[in-house]
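Read-outs throughout are calculated quantities, based only on the coordinates presented, and are distinct from any laboratory measurement. Since the model is a prediction, treat every value here as computed from it, not as a measurement. In this analysis, Cβ positions are derived from the backbone assuming ideal geometry, glycine residues included, and neighbour counts consider all displayed protein chains.
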Amino acid sequence: MAEVLVVGDWHLASVTAAGLLRLGYTVSSRPDDPDVADEVAAAELAGGSRAAGEPEITELLTAARDRGDLRLLSGAEEADLAAGRAELTVIAYDSRTAADGTAIDERPVRSATAALRAAGRTGPVIVMSQIRAGTGDAVLRAAGLPPDSPDLVHIPENLRLGRSLQDFLQPHRLVVGCNAEPPEAVRRLVDRLDSPNPLRMSLVEAELVKHGTNAYLAACITLANDLGTIAGHLGADPATVLNGVRADARVAPSAPMRPGEPYSGATLQRDVRALWEHGEPIGRDGLFRAISQSNAVHSLGPLAVLDRRLDGLAGRRVCLLGLTYKPGVSTLRDSPGLRLARELTAHGVEVDAFDPVADTTDLPGIRRHASLAAAADDTDCVVLIVEHEAFTTPSVFADLRPRNRMLLRLTGGEPHSRVPTPAGWLSIDPWRG
């Protein structure tokens, strides 16, 4: 089977390499992380530790390395040599952003431009990383290629944490952006992916599809949280109200309209921010600006509840139950728990935390504990942030000794939660606070 060169970093590079291996390609991979030596990053990728705990990825990558189907590269020179053998070069970075969603990662553009300029390159370059609308056309110009060159293709990733390999192999929507007819090597890859009716469009159209999809999801989450808050203050059950909204045939039943946490993760805010900034010069930024600002207000709601319930925040101790981006995954990148922890510490709160699946990274301002009992001991309140499976058994709360038996539920009200309220505890949700 043909060889593919994957240049990238962390989760997306790991899943992309694993998916291509599953499709029968041999893969040469160059992890590109400025904070880690190439040799270390390559070993971590092959061992699956850069895949954020995704199912199957570790086993697939380590087995391929042992067979010789996964070749690990270090440095740009080795990558250039591999580009001369590869049928495809794939750029697969988890693009980094600032806290407000501003793009700050130059690696996808730099690597895509270098790949297109590589003298020995034999195949087209596919960018799967998240990039701003207009980036593909700018990369073609920087590489000295005509605007209708078929050598650059954008296939925006559409991976959900916890099921990324399945999403890679069986994308429910496959967008292929190219300013010309995609090369044969790209068409072969698309044919191997189990996706109905792939959508063909230009580079900038594919970039805007990704922006629009994530802005829609962010808008749904924001609507649910704002409407849910209004419902709670009027004495209504937020989830019942939103269930009624979703029951309308004109509303997508799978829309993420369930009151709970603010949207998190760099993905949604990056695309909301991109459309905000693209729309600003033409007076079309209002909606995207409002989505972002409303989400920021909602993310601060727990502070107001805790301030009221604890009669002030300064000097208090709070236990955070769950820190990750979502249940069952280990990644901490831009998670709701970390954002809340930063706000709490800024208001003089001591933060203790327990998460049974999170990456074992030292987190400034957070005391991490090996057990829930240790994390909750002598704290003023326990805050449920992530409904990990480990928290759904009532016995996990049996030995907790906080100062106040209060459970603040940021995942929604108790009737709609998998985590029961311990006997003798007060359950609080942010809708009524």
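Under a point-charge model restricted to the Cβ atoms of Lys and Arg (+1) and Asp and Glu (-1), what is the dipole moment magnitude of the range 3-201 relative to its Cα centre, in debye to the nearest 20? Each step should come with its number before you reach the end.
Numbers: 21 positive and 30 negative charges, 97 e Å.
Computed charge dipole of the range 3-201: roughly 460 debye.
Quick check for me: using +1 on Lys/Arg Cβ and -1 on Asp/Glu Cβ, what's the dipole size of the chain about its Cα centre, in debye to the nearest 20? Present the calculation step by step, with values, prior to reporting the outcome.
Details: 45 positive and 57 negative charges, 177 e Å.
With only Lys, Arg, Asp and Glu charged at Cβ, the dipole is about 840 debye.
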Simple SL model, points at 7 angstrom along Cα→Cβ for Ala98 and Thr345; separation in nm is 2.1
Arg289-Glu205 pseudo-label distance in nm [points 7 Å out on the Cα-to-Cβ vector]: 3.1
Binned at 20 Å starting from 0, the alpha-carbon pair-distance distribution of the chain in whole percents comes out as 24, 52, 23, 1
What does the highest-first list of 320-331, 182-193 look like by mean Cβ count within 10 Å? 320-331, 182-193
Can you give the extra length, in nm with one decimal, that the chain gains between Glu389 and Arg173 once fully stretched, where that is 0.36 nm per residue apart less the Cα-Cα distance? 74.8 nm
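What fraction of the DSSP beta bridges in the chain is antiparallel, stated in percent and rounded to the nearest 5?
Working: 2 of 44 bridges.
Taking every DSSP beta bridge with both residues in the chain, the antiparallel ones total about 5 percent.
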What fraction of the Cα pairs in the range 301-428, stated in percent, has a spacing above 20 angstrom? 36
Specify which residue in the list Gly228, Asn214, Ser294 is farthest towards the positive end of the charge dipole of the range 209-295, using unit charges on the beta carbon of Lys, Arg (+1) and Asp, Glu (-1), about the Cα centre. Asn214
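Only counting other Cβ atoms within 10 Å, I'd like Thr58, Thr345 sorted with the fewest neighbours first. Don't skip to the end; give the middle numbers.
Numbers: Thr58 18, Thr345 15.
The most exposed by this proxy come first: Thr345, Thr58.
When the chain is fully extended, how far beyond the present Cα-Cα distance does Arg250 get from Asp307, taking 0.36 nm per residue of separation?
Numbers: separation 57, 0.36 × 57 = 20.52 nm, distance 3.98 nm.
Additional length available on full extension: 16.5 nm.
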FRET efficiency (Arg401, Ser149; Cβ distance; R0 56 Å; to 0.05) is 0.30
Using R₀ = 56 Å, calculate the FRET efficiency as 1/(1 + (r/R₀)^6) where r is the Cβ-Cβ separation of Glu78 and Thr240; round to 0.05. 0.45
Determine the calculated [θ] at 222 nm for the chain from helices alone, applying -39500 (n - 2.57) to every DSSP H run no shorter than 4 residues and normalising by the residue count; nearest 500 deg cm²/dmol. -12000 deg cm²/dmol
Show me, for the range 408-416, the HN-Hα J-couplings you get by feeding each phi into the Karplus relation (A = 6.51, B = -1.76, C = 1.60, θ = phi - 60°), rounded to Hz, glycine and proline as x. 8, 9, 8, 8, x, x, 4, x, 10
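Could you put Val127, Val272 in order, starting from the residue whose Cβ has the fewest other Cβ atoms within 10 Å?
Values: Val127 30, Val272 26.
Listed from fewest to most nearby Cβ atoms, that is Val272, Val127.
Using the count of nearby Cβ atoms within 10 Å as a rough guide to exposure, how do Cys220, Cys381 rank from fewest to most?
On the way: Cys220 21, Cys381 25.
In order of increasing Cβ crowding within 10 Å: Cys220, Cys381.
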For the range 3-201, what is the per residue volume of the convex hull drawn over the alpha-carbon atoms, in cubic angstrom? 112
Rounded to 5, percent antiparallel among DSSP beta bridges of the range 3-201: 10
Amide H neighbours of Gly8 under 5 Å, counting only residues 5+ apart in sequence or on other chains, H built in-plane at 1.01 Å? Arg30, Asp32, Ala92
Between Ala119 and Glu59, what's the calculated FRET efficiency when r is the beta-carbon distance and R0 is 30 Å? Round to 0.05. 0.20
